[in-house]
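Engineer: I have a structure here, written as structure tokens, and I will follow up with some questions on it.
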Number of protein chains: 2
Amino acid sequence: MAVYNFSAGPAALPTEVMEKAQAEFCDFMGTGSGVLELSHRGPQFSSVIEKTEANIRELMNISDDYEVLFIQGGASMQFAMVPMNIMSREEGGFAEYADTGMWSAKAMKEAKLFGDVKVIASSKETNYDNVPPVRRWKLSEGSSYLHITTNNTVAGTQYHVLPTAEDLKGTPLVADMSSDIMSSVINVNDFGIIYAGAQKNLGPSGVALVIIRKDLIEKTPESIPSMLRYDTYAKSGSMFNTPPTFAIYMLGLVTEWIKEKGGIAVIEEINIAKSEALYETIDASSFYSSPVHPGSRSRMNIVFRLPSEELEAKFLKEAAELGMTGLKGHRAVGGIRASIYNAMPLAGVEALVDFMNEFEKNNS
Amino acid sequence: MAVYNFSAGPAALPTEVMEKAQAEFCDFMGTGSGVLELSHRGPQFSSVIEKTEANIRELMNISDDYEVLFIQGGASMQFAMVPMNIMSREEGGFAEYADTGMWSAKAMKEAKLFGDVKVIASSKETNYDNVPPVRRWKLSEGSSYLHITTNNTVAGTQYHVLPTAEDLKGTPLVADMSSDIMSSVINVNDFGIIYAGAQKNLGPSGVALVIIRKDLIEKTPESIPSMLRYDTYAKSGSMFNTPPTFAIYMLGLVTEWIKEKGGIAVIEEINIAKSEALYETIDASSFYSSPVHPGSRSRMNIVFRLPSEELEAKFLKEAAELGMTGLKGHRAVGGIRASIYNAMPLAGVEALVDFMNEFEKNNS
């Protein structure tokens, strides 16, 4: 039986990546040691981290104006590091945040320790069922940055229009892309900082990818410790101390896999096909329903409800028996959530669609 | 040819651990997914982290007065987190540090951002060739804590006598045990905080083990971000955000392996035998020399010199040809360093001793 893991993160990685990592787990590049047993300063791991950065730069078309950093602590550490490093410490220093879900709210909570947080837009009053349209936002002058969460894993929403340089008028755009990085083509030049915990689209948990415009690295106050300063990572090639070598190695394999697939534009086409197959099934039915505004629907986390919680429990149980796991909605909201990151094959989505149709027929 | 990896860290892990992790890499507990693809809140990973903590508590005989936490960022993050959390913010707040090497000095640098650092003892003037005798230290009253680095990987020194509760008179002892944790039996009750990056004795890089006395968790100022507060990890079972699941899983396998070997007391006996075999070879020869005071010699990192740098280069080259790798001394000091953490089998040390004798014969 094929197993399809729809977990929201840590999530399924490409089968080819897992099999390659397994094959060379105990003997990397003929050393007789696993990659996780090798010195981070030796030639083998140096080639891993260099290749990984080169792949990321190539896939996302990142210019030399940006640094590509690998930092521990996940997106939650970035919630603090962003304001620690780039929030103005002058009287009245502030940053603007769009509140589009649980993770935006967590980011705002940490930022408040370092300055004032202004909420530029929020969908909190309607249970985060949409992302407010960017074109209507009114940016205040003097904001240290504007922070957005591009995809919201709990509510199942996603920006399909992002602020552009023209909208921003010089304010750096900071984006938490933990759950949709490398899932669609974006213009990195529109951003000041992009950060993403790896454990959804990029690899295992334990490393966050941070892409930062070089001028933003120079703003950090002297009082910030070494491990929390972007300049520490930029100056050392993310090797100030021992980096999470195995997580970076896996991230490297995933970027290699994306390249072999044909790059992010190809992945994006597949992601559109996968998510549309699910939304079409939901929309064609009066049994399944989506709580999300059509214009804000996520292509990564497809959230839906059944007529009752009893039916949802039965749905989860029967899906698991067929090898489809991780479909339970976030504990804060309930319901069903199919997380279909880059690594989920179309066949997995097709299996889920078939099951949804069958389950509806048997339970309507 | 048997390969023996003498790398200082990331370092060799037990062969049995590596083989088990490889065997179940793509299918953990019959899920059809690897452990690194599974939700950190699912039943499989919950059992992993609970078992890992239980193993650590059992092996180190840790009482309920202590929390066992898993934190990202390695020991270097702890250099900042310790003072952030427990350094007194009152006027004149200070902590005492013993300066026994490069890593102690790095810890002091971060602490200075949060209060005054007093150096209670230092071997800096003699290139860190010893650890100053604990019994002669004069603790000042009112110190927030006393910080030591129990094993110094660069200089190759180690404390063989640690401060006891009687010496400390109520001052919490904070110990960076990154390079010798679980290598010998200690009394955890003598310590306020023990921390250790995993990548030497415990597992891969990407996770630090922190053992902290519960009363010390309550001292953190409100201004410290969530991810840098010990109470965040204590309240959430180290699951405030996605933990580094694979690194914790590997740490769990290593603790299981130590248990199967018979526990830390048995491991300590083996570590004594391994290190003595090397020091006896050095002391019996006029070709090899140890730069370290005999009473301070590390059982983890055996540092030695040959008569010339040319001979050292030749030694490293020939050793590598025989499958003995990672023997180069730290780039700051040069020479040879054999790191023989728990996972290094006696056979690896015997192979190195044989080679040393042979090399001396051929090159004297």
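The values are calculated or read from the model by the stated rules, or taken from the named source; none is laboratory data. Being a predicted model, the structure only gives us computed values, none of them experimental. Methodologically, a virtual Cβ is constructed for each residue, glycine included, from the backbone with ideal geometry; neighbour enumeration extends over all protein chains shown. Each accessible area value is taken on the protein alone, full model and side chains, heavy atoms only, with ligands, DNA and RNA left out. Shrake-Rupley method; radii C 1.70, N 1.55, O 1.52, S 1.80 Å.
Engineer: Using the alpha carbons of the stretch A:84-141, what is the convex hull volume per residue in cubic angstrom, as a whole number?
Structural biologist: So the per-residue hull volume is 88 Å³.
Engineer: Run the simple label-point estimate for B:Lys259 and B:His293 please: 7 Å along Cα→C-beta, distance reported in nm.
Structural biologist: In this crude label model, B:Lys259 to B:His293 measures out at 4.0 nm.
Engineer: Run the dipole for the stretch B:250-349 about the Cα centre, Lys and Arg Cβ at +1, Asp and Glu Cβ at -1, nothing else charged, and hand back the magnitude in debye, nearest 20.
Structural biologist: 260 debye
Engineer: In nm, one decimal, shortest first: how far is the label point of A:Glu166 (7 Å from Cα along Cα to beta carbon) from the matching points in the other copies?
Structural biologist: When each copy's label point is compared with this one, the spacings are 7.9 nm.
Engineer: Please list, by residue number, everything in the stretch B:7-33 whose backbone N is under 19 Å from a paramagnetic label point 7 Å out along Cα→Cβ of A:Asp27.
Structural biologist: Once the point is set 7 Å along Cα→Cβ of A:Asp27, B:12-26 turn out to lie under 19 Å by backbone N, inside the stretch B:7-33.
Engineer: A further question on this structure: Once the dipole of the protein assembly as shown is set up with Lys and Arg at +1 and Asp and Glu at -1 on Cβ about the Cα centre, which of A:Asn151, A:Asn363, B:Leu139 lies farthest towards its positive end?
Structural biologist: After comparing all options, I get B:Leu139.
Engineer: Right, something else. Considering protein heavy atoms only and a 1.4 Å probe radius, which residues within the stretch B:3-17 exhibit an accessible-area decrease of no less than 40 Å² in the full assembly relative to the chain by itself?
Structural biologist: B:Val3, B:Asn5, B:Pro10
Engineer: List the pair-distance distribution P(r) of the stretch A:239-298, using every Cα-Cα distance, as the percent of pairs falling in each 5 Å bin from 0 up to the bin containing the longest distance, rounded to whole percents.
Structural biologist: Bin by bin from 0 Å, the calculated values are 4, 14, 15, 14, 12, 11, 13, 9, 5, 3, 1, 0.
Engineer: So if R0 is 51 Å, what FRET efficiency would B:Glu280 and A:Glu141 give, r being the distance between their Cβ atoms, rounded to the nearest 0.05?
Structural biologist: It comes out at approximately 0.10.
Engineer: Follow-up. Below 13 angstrom from the Cβ of A:Phe94, what's the summed charge of the other residues (Lys, Arg +1; Asp, Glu -1)?
Structural biologist: -2
Engineer: Report ³J(HN,Hα) in whole Hz for each residue of the stretch A:302-319, in order, from the Karplus equation J = 6.51 cos²θ - 1.76 cosθ + 1.60 where θ = phi - 60°; Gly and Pro get x.
Structural biologist: 8, 9, 8, 10, 10, x, 8, 5, 5, 5, 5, 5, 5, 4, 4, 5, 5, 4
Engineer: Next question, about the same structure. Testing the spin-label approximation: label points 7 Å from Cα along Cα→Cβ at B:Leu162 and A:Ala313. State their distance in nm.
Structural biologist: Placing both labels 7 Å beyond Cα along the Cβ direction yields 4.9 nm.
Engineer: May I ask for the distance between the Cα centers of the stretch A:81-144 and the stretch A:262-294, given as a whole number of Å?
Structural biologist: Going from one Cα centre to the other spans 29 Å.
Engineer: Nearest 100 Å², what total accessible surface is buried between chain B and chain A (probe 1.4 Å)?
Structural biologist: 4300 Å²
Engineer: Multiply the residue gap between B:Val266 and B:Asn189 by 0.36 nm, knock off their C-alpha separation, and tell me the result in nm, one decimal place.
Structural biologist: Here the segment from B:Val266 to B:Asn189 would lengthen by 25.6 nm.
Engineer: Then there's this: What nm distances, shortest first, do you get from the label point of B:Glu358 to those in the other copies when the point sits 7 angstrom along Cα to Cβ?
Structural biologist: 6.3
Engineer: Beyond 22 Å, what share of the Cα-Cα pairs of the stretch B:15-261 remains, rounded to the nearest whole percent?
Structural biologist: For the stretch B:15-261, the fraction of Cα-Cα distances above 22 Å is 54 percent.
Engineer: Next question. Assuming a ≥ b ≥ c are the square roots of the Cα gyration tensor eigenvalues, decide whether the stretch A:1-122 counts as rounded (a/c under 1.5), prolate (otherwise, with a/b larger than b/c) or oblate.
Structural biologist: prolate
Engineer: Given axes a ≥ b ≥ c from the Cα gyration tensor, I'd like to know whether the stretch B:191-250 is rounded (a/c under 1.5), prolate (a/b larger than b/c) or oblate.
Structural biologist: Cα axes put the stretch B:191-250 in the oblate bin.
Engineer: Shifting gears a bit: List the residues of the stretch B:313-345 whose accessible area drops by at least 20 Å² when all protein chains are present, compared with their chain alone, using a 1.4 Å probe and counting only protein heavy atoms.
Structural biologist: B:Arg331
Engineer: Mind running the shape call on the stretch A:311-364? Use the C-alpha gyration tensor, a ≥ b ≥ c as the square roots of the eigenvalues: rounded below 1.5 for a/c, prolate if a/b tops b/c, oblate otherwise.
Structural biologist: Since a/c reaches 1.5 but b/c is at least a/b, the shape of the stretch A:311-364 is classed as oblate.
Engineer: What are the residues of the stretch B:28-53 that lose 50 Å² or more of accessible area, with a 1.4 Å probe, going from their chain alone to all protein chains?
Structural biologist: When all protein chains are present, B:Leu36, B:Glu37 each give up 50 Å² or more of accessible surface.
Engineer: With no solvent and one point on each alpha carbon, what is the Debye value of log10 I(q)/I(0) for the protein assembly as shown at q = 0.06 Å⁻¹?
Structural biologist: Each listed q maps to, in turn, -0.37.
Engineer: Can you give me the C-alpha center-to-center distance between the stretch A:1-24 and the stretch A:158-183, rounded to a whole angstrom?
Structural biologist: Using only Cα atoms to place each centre, the spacing works out to 29 Å.
Engineer: At 1.4 Å probe size, with the rest of the protein present, what percent of the exposed accessible area of the stretch B:170-223 is carbon and sulfur atoms?
Structural biologist: Carbon plus sulfur share of accessible area: 41 percent.
Engineer: Find the accessible area per residue for the protein assembly as shown; the probe is 1.4 Å, ligands and nucleic acids are left out, and the unit is Å².
Structural biologist: Per residue, the protein assembly as shown has an accessible area of 38 Å².
Engineer: Per-residue mean of other chain beta-carbon atoms within 10 angstrom of the beta-carbon, peptide B:113-122?
Structural biologist: Going residue by residue through B:113-122 and averaging, the value is 1.
Engineer: Next question, about the same structure. Given the -39500 (n - 2.57) contribution per DSSP H run of 4+ residues, what per-residue ellipticity at 222 nm results for chain B, rounded to the nearest 500 deg cm²/dmol?
Structural biologist: -11000 deg cm²/dmol
Engineer: Set the Förster distance to 22 Å, then compute FRET efficiency between A:Arg89 and A:Ser236 from the Cβ-Cβ distance, nearest 0.05.
Structural biologist: 0.35
Engineer: May I ask you to report, in nm to one decimal and beginning with the shortest, the distances from B:Asp129 to the same position in the other copies, taking label points 7 Å along Cα-to-Cβ?
Structural biologist: Ordered by distance, the counterparts are at 7.6 nm.
Engineer: Which ³J(HN,Hα) values in Hz, rounded to whole numbers, follow from the phi angles of the stretch B:335-347 under the Karplus curve 6.51 cos²θ - 1.76 cosθ + 1.60, where θ = phi - 60° and Gly and Pro get x?
Structural biologist: After applying 6.51 cos²θ - 1.76 cosθ + 1.60, I find x, 10, 9, 9, 8, 10, 6, 3, 6, 6, x, 3, 4 Hz.
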